[in-house]
Amino acid sequence: MLGRDMLAELAADPEAKATGLTRGELDIADRVAVHAAAAGHHVVVNCAAWTDVDAAEHAEEAATAVNGTGVRHLARACAGSGSVLLHVSTDYVFSGDAGHPYPEGAPTAPVNAYGRSKLAGERAVAELLPGTGYTVRTAWLYGAHGRNFVRTMLELACRRQTLDVVADQHGQPTWSRALARQLAALGRAALTGRAPAGVYHGTAAGRTTWYGLAHETFRLSGLDPERIRPVGAAAFPRPAPRPAFGVLGHDGWSRAGVPSQLRWDDQLSTALGTPGFAELAAAARAVG
């Protein structure tokens, strides 16, 4: 999802020459392959990750092999080649019990195996690339490609009259294309020495709940938002606990000279009009 949007964003830049590798073409847990792939690139953007949160709870070693050890391989390869590394991480490195947005330097305390595996990757970047490593935490990512919450809501709208959606978890729905643009800008700023290395928070402005996101997705798609019914997270027990509050602060971008992202609902409005989403919304309206 993010990788495809990243390549599309870079394709629009006449000065950028991008190489995109799929999971089948590069296993980031393969140290030798990673070093060979990173060679000759000024900027490496890591969009690869183990993202199955519940599966990670029972396979933490496998998740860490990708999210931790694999990132260490990338960081070491970039250190050897002199490349800048932009590594995408998650709000799940936090405990989720704050009452205000987490700043970039807030203490980390993941509550599940997925969060621990991602934190291992963050630490590898900070350790091996103190001057050229950039960790960008994102959250609630959705896009036209791949599985994600917004696509799922529109698909379910074709099959169900009502949908129960969690209303007591708070976060920042973020369009993958908006994050791709921000990452491209950060890469340019890093190459020119304008952006200090470290942690940035790549999420949309504002906040909502999963219920709020589903409600707005229906409304903007011309569907009846009253078909969405709010429930507590306890209604959907999962193997891995989820942070109840994943709202992130964005102060770091001003130091890098890169704009923060727009509000989540403005992003969603634009995203739903793009190919992929527009067709899904039309199909859902046709069903009624």
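The values are calculated or read from the model by the stated rules, or taken from the named source; none is laboratory data. These numbers come from a predicted model, not from an experiment. Quick reminder, even Gly has a Cβ in these numbers, built from the backbone with ideal geometry, and neighbours come from all protein chains shown. To get the accessible areas, we keep the full protein, side chains included, count just its heavy atoms, and leave off ligands, DNA and RNA. Shrake-Rupley method; radii C 1.70, N 1.55, O 1.52, S 1.80 Å.
Using C-alpha pairs below 8 Å separated by at least 6 residues, the relative contact order for the stretch 1-130 is 27 percent. Normalised by the number of residues in the chain, the average gap of Cα pairs under 8 Å and 6 or more apart makes the relative contact order 22 percent. Computed over every Cα-Cα pair of the chain and binned at 10 Å starting from 0, the pair-distance distribution P(r) comes out as 7, 28, 36, 22, 7, 0 percent.
Dividing the Cα radius of gyration by the Kirkwood radius, what Rg/Rh value follows for the stretch 130-270?
Details: Rg = 16.8 Å, Rh = 16.3 Å.
Here the Rg-to-Rh quotient is 1.03.
Taken over the stretch 183-259, the alpha-carbon convex hull comes to 138 cubic angstrom per residue. Taking the Cα centre of the stretch 178-288 as reference, the dipole from Cβ charges on Lys and Arg (+1) and Asp and Glu (-1) amounts to some 280 debye.
Considering only the chain, what is the antiparallel percent among its DSSP beta bridges, to the nearest 5? Of all bridge pairs located within the chain, approximately 10 percent are antiparallel.
The trypsin sites (Lys or Arg not before Pro) of the stretch 103-151 meeting both criteria, a DSSP state outside H, G, I, E and B (loop) and at most 14 other C-beta atoms within 10 angstrom of the site's C-beta, are ARG147.
Apply the Kirkwood formula to the stretch 32-98: the hydrodynamic radius equals the inverse of the mean of 1/r over all pairs of different alpha-carbon atoms; give it in Å with one decimal.
Result for the stretch 32-98, one decimal place: 13.1 Å.
What does the helix-only formula give at 222 nm for the chain: each DSSP H stretch with n ≥ 4 adding -39500 (n - 2.57), the total divided by the residues, and the result rounded to the nearest 500 deg cm²/dmol? If you can, show how the numbers build up before the last one.
Details: 12 runs with 117 residues, N = 288.
My calculation for the chain gives -12000 deg cm²/dmol from helical runs alone.
Taking every eigenvalue of the Cα gyration tensor of the stretch 121-191, multiplying by 5 and rooting it, what semi-axes result, largest first, whole Å? Before the final figure, lay out the partial values.
Details: eigenvalues 228, 43, 18 Å².
Output for the stretch 121-191: semi-axes of 34, 15, 9 Å.
Shown here is the pair-distance distribution of the stretch 75-131: with all Cα-Cα distances grouped in 10 Å bins from zero up to the longest one, the shares run 22, 46, 26, 6, 0 percent. Please report the carbon-and-sulfur percent of the accessible area for the chain; probe 1.4 Å, protein heavy atoms only, DNA, RNA and ligands left out. Carbon and sulfur together cover 53 percent of it. Separation of the stretch 149-180 from the stretch 1-79 is 26 Å, based on Cα centroids. Loop sites only, by DSSP: take the GluC sites (Glu not before Pro) in the chain that have at most 15 other C-beta atoms within 10 Å and name the longest stretch containing none of them. For GluC sites (Glu not before Pro) (loop position, at most 15 other Cβ atoms within 10 Å), the longest site-free span of the chain is 26-288.
Sorted largest first, the principal axis extents computed over the alpha-carbon atoms of the stretch 39-179 equal 55, 32, 30 Å. When +1 charges are put on Lys and Arg Cβ atoms and -1 charges on Asp and Glu Cβ atoms, the dipole computed for the chain relative to its Cα centre reaches about 240 debye.
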